[in-house]
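*Asks:* The structure's right below; bear with me while I get my questions together.
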Amino acid sequence: MSGSLVIAGLGPGAEALVTPQVTAALARATDIVGYIPYVARVAPRDGLTLHASDNRVELDRSRHALEMAAAGRHVVVVSSGDPGVFAMAAAVFEAVESGPPAWRDLHIEVLPGITAMLAAAARVGAPLGHDFCAINLSDNLKPWALIEKRLRLAAEADFAMAFYNPRSKARPDGFARVLEILNEACGDTRPMIFARAVSTPEQAIRIVPLPEARPEMADMRTMVLLGNSTTRLITRDGAPFVYTPRSVPMDATPE
């Protein structure tokens, strides 16, 4: 087969945070496939066809991209951030696994990008400096009970946490429950960071103690980070630095 499929991450928003490897793949592409606002970030040019689609058709989008690659096109499936973090890479490989055997012989490449949690963490310091986990708070593709279980276990293990998709118009109440669970499980004033539209002109960052966090502080453009029990603030003129020490005392034991 002469076609190819690249699954690429466009980073958190700023063009400067798109990797040169991804830029080169976009320049070679004959077709761009992705969610409407992500495809809109790719400049039109002669010889390039843009295929934008809605947010809840990931498998259909993946199959379309694979069909075009099998027909000899050079296709790039775009995601924001990193394509392997709650994004299109998993959807494409799910389509490959369930699709025609010939799709397994396609040249498929995943190109990493700067994911939102890393961009947000960098803006405030190093809140993910020690062990951390990332949790997608959307229950569109998994049961809410599983989200609650993972929140409690992550708090019990004293991970710093990064939360994707915290609150949408279709899910206005879930994040309030998340905050209830975290306050119950953590029981302290560790910092919570709300980083909205990081690296774009609309960027807004707020750092509050966990008990002061409110649901309306987050939307779908917000990355939410929560420190662990050792996370520290360094006060200074302007916004503080936030960091989680890399070391844990050897005699420390979880409560």
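*Asks:* Residue by residue through the stretch 58-67, what is 3J(HN,Hα) from phi via Karplus (6.51 cos²θ - 1.76 cosθ + 1.60, θ = phi - 60°)? Round to whole Hz and write x for glycine and proline.
*Replies:* 4, 5, 4, 4, 5, 5, 4, 4, 5, 4
*Asks:* Relative to the compact globular guide of 2.2 N^0.38 Å, what is the alpha carbon radius of gyration of the stretch 16-59, as a ratio?
*Replies:* It is 1.19.
*Asks:* Using a 1.4 Å probe on the protein heavy atoms only, what accessible surface does Thr189 show? Give it in Å² to the nearest 10.
*Replies:* Accessible area of Thr189: about 100 Å².
*Asks:* Counting Lys and Arg as +1 and Asp and Glu as -1, each charge on the Cβ, what is the dipole of the chain about the Cα centre in debye, to the nearest 20?
*Replies:* That gives a dipole near 420 debye.
*Asks:* Could you point to the residue in Ile205, Gly227, Phe163 farthest towards the positive end of the stretch 155-255's charge dipole, with +1 and -1 charges on the Cβ of Lys/Arg and Asp/Glu respectively?
*Replies:* In the stretch 155-255, that residue is Ile205.
*Asks:* Any chance you could look up the accessible area of Ile36 with a 1.4 Å probe, heavy atoms only, rounded to 10 Å²?
*Replies:* Rounded to the nearest 10, that gives 90 Å².
*Asks:* Further question on the same structure: Which far-off residues, 5 or more places away or on another chain, put their amide H under 5 Å from the one on Arg190, with H placed in the peptide plane?
*Replies:* Long-range HN contacts for Arg190: Leu210.
*Asks:* Any idea of Phe241's accessible area? Nearest 10 Å², probe 1.4 Å.
*Replies:* 90 Å²
*Asks:* Now for a separate question. Which length gain, in nm to one decimal place, applies between Asn55 and Thr19 when the Cα-Cα distance is subtracted from 0.36 nm times their residue separation?
*Replies:* Gain on extension, Asn55 to Thr19, equals 10.6 nm.
*Asks:* Ranking request for peptides 218-224, 3-9: highest mean number of other beta-carbon atoms within 10 Å first, then the rest in descending order.
*Replies:* 3-9, 218-224
*Asks:* Expressed as cubic angstrom per residue, what is the convex hull volume of the alpha carbon set of the stretch 147-194?
*Replies:* 78 Å³
*Asks:* Can you list the residues of the stretch 192-213 with backbone N under 20 Å from a point 7 Å past the Cα of Arg232, pointing along Cα to Cβ?
*Replies:* Residues 192-193, 207-210 fall inside that zone.
*Asks:* Which residue, Ala27, Ala102, Ala121, tops the fluctuation ranking in a GNM of the chain built on C-alpha contacts under 10 Å?
*Replies:* Ala102
*Asks:* Given q = 0.13 Å⁻¹, what are the Debye log10 I(q)/I(0) values for the chain, with equal point scatterers placed on the Cα positions and solvent ignored?
*Replies:* Log10 of I(q)/I(0), two decimals: -0.86.
*Asks:* Shifting gears a bit: Work out the length of the dipole vector of the stretch 50-122 about its Cα centre, built from +1 on the beta-carbon of each Lys and Arg and -1 on the beta-carbon of each Asp and Glu, and round it to the nearest 20 debye.
*Replies:* My answer is approximately 100 debye.
*Asks:* Just to be sure I understand the model, the point goes 7 Å from the Cα along the line to the Cβ. What's the resulting Ala71 to Arg28 distance in nm?
*Replies:* Spacing of the two 7 Å Cα→Cβ label points: 2.1 nm.
*Asks:* Still on this structure: Give the ranking of Asp131, Asp46, Asp188, Asp173 by solvent-accessible surface, highest area first, calculated with a 1.4 Å probe.
*Replies:* Per-residue accessible area, sorted high to low, gives Asp46, Asp173, Asp131, Asp188.
*Asks:* Can you compute log10 of I(q)/I(0) for the stretch 8-125 with the Debye formula, treating each Cα as one identical point scatterer, at q = 0.18 Å⁻¹?
*Replies:* Normalising to I(0) and taking log10 leaves -0.89.
*Asks:* Report, in degrees rounded to the nearest 10, the 0 to 90 angle that the Cα long axis of helix 144-156 makes with the longest principal axis of the chain.
*Replies:* 50 degrees
*Asks:* Follow-up question, since we're still on this one. Let me see the P(r) profile for the stretch 141-255: every Cα-Cα distance counted, bins of 10 Å, each bin given as a percent of all pairs.
*Replies:* Reading the bins upward from 0: 12, 44, 33, 10, 1.
*Asks:* Which ³J(HN,Hα) values, rounded to whole Hz and listed in residue order, are derived for the stretch 171-184 from phi using the Karplus coefficients 6.51, -1.76 and 1.60 in 6.51 cos²θ - 1.76 cosθ + 1.60 with θ = phi - 60°, glycine and proline given as x?
*Replies:* Per residue, the Karplus-derived 3J(HN,Hα) values read 10, x, 9, x, 5, 4, 5, 4, 5, 4, 4, 5, 5, 5 Hz.
The values are calculated or read from the model by the stated rules, or taken from the named source; none is laboratory data. Source: prediction; values computed, not measured. Please note: Cβ atoms are built from the backbone with ideal geometry, for glycine as well, and neighbour counts cover all protein chains shown. Just the protein is used for accessible areas: all its heavy atoms, side chains included, with ligands, DNA and RNA removed. Shrake-Rupley method; radii C 1.70, N 1.55, O 1.52, S 1.80 Å.
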